[in-house]
Amino acid sequence: MKARTADYTDDQGEIAGDLHRITDTLPPPDQLVPRDDTVKVTLALSRRSVEFFKREATKQRVPYQRMIRALVDEYTRRMG
C-alpha cells in the first residue's frame with residue numbers, strides 16, 4: 001500500500017493553522033474488537049425458531065447465530 005500524504009497548506013502555499021505531529025496511541029485493528037470466548041455446540045432448533053432469528057437478524061444486519069448467542073448470554077446473565 002502506498003503511503004498517502006496530506007496537504008495542509010492554504011491557497012498561498014503557507015501552512016494552514018498550528019499543526020503538530022502526535023504519536024499513534026491507538027491499538028492495532030486486531031485489538032479493537034475483542035473476540036468472545038466461545039465454545040462450538042451442536043443444537044437442534046425448530047425450523048420456526050431459526051426462521052424467526054434469520055428474519056430478525058437480517059433486519060438488524062447481524063448474523064443470526066450471533067443473535068441467538070446474545071439471547072442465551074442475556075438469559076444466563078439475568079439468571080446469575
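The values are calculated or read from the model by the stated rules, or taken from the named source; none is laboratory data. All values derive from a computational prediction rather than experimental measurement. Because the Cβ atoms are built from the backbone with ideal geometry, glycine has one as well, and the counts that use them run over all protein chains shown. Side chains included, ligands, DNA and RNA excluded: accessible areas come from the protein's heavy atoms. Shrake-Rupley method; radii C 1.70, N 1.55, O 1.52, S 1.80 Å.
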Which distance in nm do the two modelled labels at Val62 and Asp10 give, with both placed 7 Å along the Cα-to-Cβ direction? 4.9
Distance between modelled label sites at Thr42 and Arg77, nm, 7 Å Cα→Cβ extension: 3.1
Folded to 0 to 90 degrees: helix 47-60 orientation relative to the chain principal axis, Cα: 20
Using a 1.4 angstrom probe, figure out how much accessible area the chain has per residue, in square angstrom, rounded to the nearest whole. 110
Expected sort for 30-39, 56-65 on mean C-beta neighbours within 10 Å, highest first, is 56-65, 30-39
Taking the convex hull of Cα positions in the chain, its mean projected area over all directions (nm²): 11.8
For region 37-80, with equal point scatterers placed on the C-alpha atoms only and solvent neglected, what are the log10 I(q)/I(0) values from the Debye formula at q = 0.28, 0.32, 0.34 1/Å, to two decimals? -1.09, -1.14, -1.15
